[in-house]
1. From the phi of every residue in region 187-204, what ³J(HN,Hα) in whole Hz does the Karplus formula 6.51 cos²θ - 1.76 cosθ + 1.60 yield, where θ is phi - 60° and glycine or proline is x?
2. With Cβ to Cβ distances under 14 Å as the rule, what net charge do the other residues near A87 carry (K, R +1; D, E -1)?
3. How are the alpha carbon pair distances in region 85-145 distributed across 10 Å bins from zero to the largest one, expressed in percent?
4. For every other residue with a beta carbon closer than 9 angstrom to the beta carbon of R175, add +1 if it is Lys or Arg and -1 if Asp or Glu, then tell me the sum.
5. Averaged over every viewing direction, what's the projected area of the C-alpha convex hull for region 132-206? Give it in nm², one decimal, please.
6. Amide H neighbours of A138 under 5 Å, counting only residues 5+ apart in sequence or on other chains, H built in-plane at 1.01 Å?
7. Starting at the first residue of region 127-140, write each ³J(HN,Hα) from the Karplus equation 6.51 cos²θ - 1.76 cosθ + 1.60 with θ = phi - 60°, in whole Hz, x for Gly and Pro.
8. Accessible surface of S133 in the full protein assembly, 1.4 angstrom probe, to the nearest 10 Å²?
Amino acid sequence: MSSPISLPGRTVVFDYGEVISLSPTEADRRVILGLADVPADPFWRAYFAHRDGLDQGTAGVRAYWQAIAAELGVTWSDARIHELWAADFRSWLSVNPGTVEVLADLKAGGTRLALLSNAGPDFGSYFRHGPLSDWFDAFYVSGELKLLKPEADIYRHLLDDLGIAPAEMVFTDNRADNVAGAEALGIIGHVFTDAESLRGFLTSLA
């Protein structure tokens, strides 16, 4: 049952991928792979190998997909690259209903919220102008900041921009290394596994 979660003096910072969003489905992956028209294993290796460049903003969307193509020894037209981008983008748009309920309850409790995502700058507009904009006071996208979690500088940027001390920030992420990077600065961390565990952790802080 939902109920407001009030954490006065605290800012709760959420990761996006596989915390707010669900993981891409097998159907999503099949669509992307069908557009790529290459064997699965080398494709996904290249997809992840070049992702940091996209998420850090050192490579744009087109350059990212061209780097994958070059590694695979194929050539994709500009139209196919756009199709690949759109299919990949859509695959990250499904949300975890349980996490959304936690967000709504935090907002109902007057708790300040921010989002910190390792993502390309193309996600910035979706974060700021889509439904998530109703809940969050601030959005931080690695591809815009040219910084990646778990680097200390990305967390320091948030603390400075939000005007808070480390002990006033609560951070949840599905990756333990990202949480550890925050905790090393004195930020309160939680490794996300499911929405009910997150709810229990947050209410224990109240």
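1. Coupling constants for region 187-204: 7, 6, x, 8, 7, 6, 10, 7, 5, 5, 5, 5, 4, x, 5, 5, 5, 5 Hz.
2. That works out to -2.
3. Final binned percentages: 20, 53, 25, 2.
4. -3
5. For region 132-206, the mean projected area of the Cα convex hull comes to 5.4 nm².
6. Residues meeting the criterion, in which the H sits 1.01 Å from N, are L115.
7. Result, rounded to whole Hz: 4, 7, 10, x, x, 5, 4, 6, 9, 9, 8, 7, 10, 10.
8. 40
The values are calculated or read from the model by the stated rules, or taken from the named source; none is laboratory data. Since the model is a prediction, treat every value here as computed from it, not as a measurement. When we count neighbours, we look across all protein chains shown, and the Cβ atoms used for this are built from the backbone with ideal geometry, even at glycine. Ligands, DNA and RNA are stripped out before the accessible areas are found, and what is left, the full protein with its side chains, is counted by its heavy atoms. Shrake-Rupley method; radii C 1.70, N 1.55, O 1.52, S 1.80 Å.
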